[in-house]
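Here the structure comes first, spelled out in C-alpha cells, and everything after it is commentary.
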Amino acid sequence: MRNFKFDWFMKGMLIAVALGFAWPAPGAHGGFLQPEWLNRIGVALVFFLNGLGLSLAAMRDGALRWRAHLLIQACTFVLFPLLGVLILSMSRRWLSPELQLGFFYLCALPSTVSSSVALTVAARGHVPVAVFNATLSSLIGVILTPLWMAWMLGQTQGSGGADFPVGPVIQDLLVWVVLPLVLGQVARGRLGAWAARRRGLIQKVDRVTILLLIYTSFADSVQQGIWSRYGPAAVAETLLGTALLFAAVLGVVNLLARWSGLALPERIAVVFCGSKKTLAAGVPMAHLIFGAHPALGLILMPLMIYHPLQLAIGGVLAQRWARRD
C-alpha cells in the first residue's frame, strides 16, 4: 500500500466534487457552462482520444486465448450485474434509490483499460490477454451496459421506477461514443505517431475532460437539493458497500481463475481485468444514459470510490505477483 500514489487525477476528483458543492451554478442545468452541450462534447472528445490510442495490433496478439476471454467477459457482464441484483435485494430498506441505481450502474459497466493493462504488466502477467479483453470490454459495454440498466429499471417500475428509453440511449451512445471511437481509430493512420509522442498530453486532456464531467454531475445534484436530503450517511453507506462489493468480486474472480486451469500469467490478467470497472468511460456514459437526472452526482459516487480502491488493492497484488520466481 505504501507505493499507492494519490495522483493529480484523484486530487482533481476531490477538487471537482468540492467545487460542485461550493459553486454549483455554472455547471448545473441552465448554467453558463451550458452542460447540456458541454457534456456531450466532452464525451465525444474522451472517446475520440481513446480511439486514437487504441492499437488493434496489440489486440490481435491476445485474440486466441478464448478461455481467458470468456472468463473475463463473464465476470464483467454477468458476475458483476448478478452481485448488483443481490445488493438491490438486500439493501432496499436502508439504501436510497439513487445509491441503489449507482451501485447497479457500477456493476453494469465495462472493465477499465489503462489500469488493467498497467497492473498486468507490473505483475508479469499475460499482457496481450489484458489488452484484448480491456478493449473488447469497452466495446461490448456500449450495448450491454444500457441493456442491463433498462432491465434493472424495468424491474423497479412496479415500485415507482421510471421508464428507461433504451433505444434513444443506445442511439446516443452510438453517436457520441462509438462514432468518435471509430473516427479516432481512422485518424490513427495519420496521427498515430504524433499521439504516441504526445501520450502524456493526450492523457491529461482526457482526464481533465472527465474531471469537468464530474464537476457538472455534482453541481447539478447540489443545485437540485439531492445532497441536503441524504448528507454524510450516503457517503458512509457507499464506502461500506463499495468495499464489500470489491472484496466479494476479487474473491470470486480469483477462485474462478484458479478453477479454470489457466497458467498463472493468464490468471493474473483475468483477476485484473475481471475485477475492474472503468471511471474513464463510466462518467461520460452516465451523462448519456441518465441525461439530466438530478441525482447524477449521487449515482456516480460508488464508481468514484471504487476507482481508487481497485487501484490501491491492485497495486498490492501486482507487487506480490511480481516477486514470484
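All of the numbers you see were taken from the coordinates with simple rules; none came from a lab. The model shown is predicted, which means the values in this text are computed figures rather than measured ones. No Cβ is skipped: glycine too gets one built from the backbone with ideal geometry, and neighbour counts run over all protein chains shown.
List of remarks:
- In nm, spacing of pseudo-spin labels at Ser114 and Ala322 (7 Å Cα→C-beta vector): 1.8 nm
- Under the span-like rule (Cα at least 27 Å along the axis, Kyte-Doolittle mean at least 0.5), DSSP H helices of the chain: 127-155, 199-223, 232-259, 296-322
- Across the range 31-319, the mean sequence separation of Cα contacts (distance under 8 Å, 6 or more residues apart), normalised by length, yields a relative contact order of 35 percent.
- For the peptides 267-275, 254-262, the ranking by packing is 267-275, 254-262, with the highest mean count of neighbouring Cβ atoms within 10 Å listed first.
- Residue with peak Gaussian network fluctuation, the chain [Cα springs, cutoff 10 Å], from Gln310, Gln100, Gln203: Gln203
- Highest mobility in the GNM of the chain, judged by mean-square fluctuation with C-alpha springs under 10 Å and restricted to Leu240, Leu279, Leu83, is found for Leu240.
- Cα pair count fraction exceeding 16 Å, expressed as % - the range 263-325: 55 percent
- Among Arg67, Arg93, Arg124, residue whose mean-square fluctuation peaks in a GNM of the chain (springs only between Cα atoms under 10 Å): Arg93
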